[in-house]
Structure formats: structure tokens, C-alpha cells
Amino acid sequence: MKKILIIDDEVNVALLLSKFLIRNGFDVSTAASGSNGLEQLKNGEFNLVLCDFRLEDTDGREMLKQIKTHYPQTGVIIITGYSDIKMAVELIKMGAYDYITKPLYPDEILNTITKAIETHNALVEDTPYHTVSTGKAAQKQVLNGMVVGTSKSSKELQRQIELVAPTNYSVIILGESGTGKEEAAKAIHMHSLRHNQPFIAMDCGSLTKELAASEFFGHEKGSFTGAFATKIGHFEMANGGTLFLDEVGNLSYEIQAALLRTVQERRVKRIGSTKEIDLDVRIIVATNENLQEGIQKGKFREDLYHRFNEFTIYMPPLRERGNDIMLLAEHFLKTSNQELNRNVTSFAPEAIECFMNYRWQGNIRELKNIVRRAALIAEGNEITMKALPLEISNYKTPSYDYTNSYSEKQEVKEPRHDLKNAALEAEYDTILKVLKEVSYNKTKAAEILNIDRKTLYNKMKAINLK
């Protein structure tokens, strides 16, 4: 369970926020002053600190300095009022992950905290590489949160990351959904000269045409209907560091034009402002679409493509990575044990055979979800066929031969008839199938499933699907 410390001298705000986060599965402590917050940090480890900028005995800037100096592996989010926006930019450059403005909105808080913990976990490795023992699959290397396999394609991926990271080249990362494009982008950032500066990730697939400009460039208070506060755009947040644009092929043509101007001029202007801000940002983009085909169809600007395409990295699908499958599975089993406080130590031979045979259309993301789910419902200390969803346990394929040959006999799994988890599995399978069809665009998936986006998030959380 992730531990969060809330530092806020408004006791009622801290109490309400604490109750909300506890209901969402976090272990939460509160402190009513900066000194009390530092005392609690001294006595226990926290994954994340939510700190109000204005405290009676200190301020957010000083707290951030203290936390980053003495507890560098703890992420920090600053809670600020409208008048503190300029200071929030400075705090992000000093190492804060993000800021949240008052009044606080539950969905925004939860989304920011989740992203902060995921990003910070990937960026806090002490060294570029560390070796992890993994039982049957021998050993693996972790490159700043990204598991480096032993397959030929994995070694080539590692070589390309190390080659381009020290440069300032813009990079396009190509690959199917779930292949780990964001983890590769983080690895590039952490191997670059910008590794001490912000890494800001932006999901272009979830952006509406109306919101895209505000998210990219920010806006001033009152610049349009609904602009109740000044907002810092992602370009400004990433200044000095790296901006990662995921699913860039989904951007509208109009936003692509505005994006091109910003990339060319290296300047950004918030909506409603006349002041231009100089930018020093490295851009890494990712897509699961064929951008060349998009250019031919008039859906993607060719000039923007060439601005981005100074270097291209291809992420191999999981089905092409051979023994890396079990390296990754054991890695996810270890992290799932830590998250769920379980002690599942291994995979049954028939489960390993299923994993090696399965096509993994959802790639690493699907593998991680399957292992996390199996670790949760496994009986005993081994993941057996009973803990696997039907789409894997009933997958029909030639029996896997570890000498890279296939037997002529087709192995057909016995169907399971227990009803204990039937409803859960049916919902899991339906949601996962739709998510794959829409390349994991949650807005589109919610429309197809005929539910709202919030309900989809709640259902994904209930069935342990991230």
C-alpha cells in the first residue's frame, strides 16, 4: 500500500483529503505544520508528500528543498492557491512532480497522485542499471524502471536508448499499445543531461480538441468561459527537461499547426496572455499508428513529422521477445507481492507454458495486468491455471517446446465450470477486449461500453485492471 503524507495547516482540508485517499486505497498520515511533517518523514518512509505552499512555520519552497535533500526518493506535489501559480512553476523546476490548485477536486487529485507515484517509481533508481534476482528466469537488468530482457530485440532497444539519450534529438517511439513506450522515454530522459529536470508525460489520446490548446500551452484566468484559474501548460511545466507526448497521432490538425509553431520557435504563450516564454524542452513522442500513412491521408502534418523524426526507436511486441516474457512476468510478480502484501513465489509449469504460447495482443501492459490479477486471487504460493483468466487458460496453440520446436499435437485446455469468479471474469474480458479495440483510449471505450468515463475507471479499479 502506497504511503502519503499530507502537510496542511488547514486541519479540515487535510482531514477531508485524508479520508478520500484512504477510501481509494492509500495509507495516509497528516501533519499540521512543516516541522511536524519533517518529523514524520524522519520516522517513516513515504512514497509521496502533498504539501500546502503556505504554512504557518515555513513555505512550500523550503519544504521541497528539505524533502529533496534528505528524502530524494519521496515525490512531492504542492497544493497552491490561485496567486501562487508563478511560484508553482519554479517549484516544479526544483523537483516537485506537479501542483494542485485550490479548491481541490477529487478526480484531479486522484489522477495526479496516481501519475506521480507511477512516474516517481520509475525515476528514483539509484543507478542507471541494477540487477534483480528472479528465480527460474535467472537474472534481469532494470534500466531506470524498464526491464531490460535478454532477447536480441531487447538488447537492440537498449543500445538505441543509450545511443540517443545523451543528445538533444527529438525521438519518435513506434510500437503497439502496451509495449512500454513511456518507460523507454523515461529511460532516455534519465540517461540524458536533463535527468535532474522535469519529465512530463501527456496522453494526447485523451485530449479533446477544445482542451488540447490549454493543456499544451496553458491559459490565464478569465481567458475563456470556465477558465477560473491560471493554468500552466505542459510545455512550460517541462521547461528545461523532457516532454513526452503519447499517442501523438490522435491530435487534431489544428492543434498540430499550433504545436509546430511552438516546436519551431521554441517559445510558448498561454491562452489569453501576450507574454511569450522561452522554451528549452526535449520532445519525445510515441504512437501506435503509422504516421506516414496519416500524412498521405492528410491526418498528420508532414512538417511536424520531420520536426519530431530526428531519431526513431521501434518497440518490439511482447510475442517477439521470447524468454523475456517470463523475465517480465517474474518482475511483475515481485512488484505485485509488494503492492498486495502477498507471498506468491512462482508460476506452475502449465502456467508458464500458457504464457509462452499466448499472443499477448495487449503486450507488456496486458501481461502486467494478468500477473497482478493472478497474484491477488492465487491460492497458495504458486500461480496455477486456476488463477489465469479464460482468454489465456483456454488459448489454443501448439504445445510450447523450450528447444524452439513445436509438437504436432494441438493442446486444448479443459474448460472450467466454477462460477465463483464468472461475473468478474466476464466483465474483465469485455472491458479488456474493448480497450484493445480502441488502442486503450478510455473515452472511446466508455462510449462503446455505454457507460461514462468515471464508471469505467471505477470498474477497471474493481477488477484490478490498470
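Structure data summary
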quantity	calculated
Boolean, GLY180 is closer than 30 Å to GLY272 by Cα, open to solvent by less than 20 Å² (accessible area, probe 1.4 Å) and small (Gly, Ala, Ser)	no
Members of region 42-53 found to be out of contact with any Asp or Glu (no Cβ under 8 Å at 6 or more places or on another chain) and either surrounded by 15 or more Cβ atoms within 10 Å (Cβ to Cβ) or among the basic types (Lys, Arg) (or both), listed by number	LYS42, PHE46, ASN47, LEU48, VAL49
Cβ pairs under 8 Å, 6+ apart, first in region 171-199 and farther than 18 Å from ARG319 by Cα, second charged (D, E, K, R) and not in a helix (DSSP H, G or I)	VAL171/GLU310; GLU182/ASP246; HIS189/ARG282; MET190/GLU125; SER192/ARG282; ARG194/ARG282
Any hit, region 166-182, residues being of a type in the set (Gly, Ala, Ser), outside any loop (DSSP other than H, G, I, E, B) and at pLDDT 90 or above	no
Residue list for region 186-221, filter: assigned to a loop (DSSP other than H, G, I, E, B), surrounded by fewer than 20 Cβ atoms within 10 Å (Cβ to Cβ) and among the charged types (D, E, K, R)	GLU220, LYS221
Flag for GLU236 being among the acidic types (Asp, Glu) and open to solvent by 40 Å² or more (accessible area, probe 1.4 Å)	no
Among the candidates THR69, THR131, residue that is out of contact with any Phe, Trp or Tyr (no Cβ under 6 Å at 6 or more places or on another chain), hydroxyl-bearing (Ser, Thr, Tyr) and at pLDDT 75 or above	THR69
Check on LYS396, loosely packed, with under 15 Cβ neighbours inside 10 Å, modelled with pLDDT under 80 and within 30 Å of CYS204 (Cα to Cα)	no
Exclusive hit being at pLDDT 90 or above, open to solvent by 40 Å² or more (accessible area, probe 1.4 Å), over 23 Å from VAL148 (Cβ atoms) and touching a Lys or Arg at 6+ places or on another chain (Cβ under 9 Å), set GLN264, GLN256, GLN296, GLN292	GLN264
The lone exception for LEU318 - which of (1) in contact (Cβ under 8 Å) with a residue 60 or more places away in the chain; (2) touching a strand residue (DSSP E or B) at 6+ places or on another chain (Cβ under 9 Å); (3) among the aliphatic types (A, V, I, L, M) it fails	(2)
Close pairs (8 angstrom Cβ cut-off, 6 or more residues apart or separate chains): farther than 16 Å from ASN369 by Cβ in region 337-356, part of a strand (DSSP E or B) and among the hydrophobic types (A, V, I, L, M, F, W, C) anywhere	SER346/ILE383; ALA348/ILE383
Residue identified as open to solvent by 20 Å² or more (accessible area, probe 1.4 Å) and touching a helix residue (DSSP H, G or I) at 6+ places or on another chain (Cβ under 7 Å) among ASP280, ASP246	ASP246
Count of region 1-41 residues which are of a type in the set (D, E, K, R), farther than 23 Å from GLN338 by Cβ and surrounded by fewer than 21 Cβ atoms within 10 Å (Cβ to Cβ)	4
Residue satisfying all of: in region 218-242; in contact with a Ser or Thr (Cβ under 7 Å, 6 or more places away or on another chain) and among the hydrophobic types (A, V, I, L, M, F, W, C); modelled with the lowest pLDDT among these	ALA229
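The values are calculated or read from the model by the stated rules, or taken from the named source; none is laboratory data. This one's a predicted model, so the numbers in the text were calculated from it and none came from an experiment. All Cβ positions, glycine included, derive from the backbone under ideal geometry; neighbour counts span all protein chains shown. Quick note on the areas: whole protein, heavy atoms, side chains included, nothing else; ligands and nucleic acids left out. Shrake-Rupley method; radii C 1.70, N 1.55, O 1.52, S 1.80 Å.
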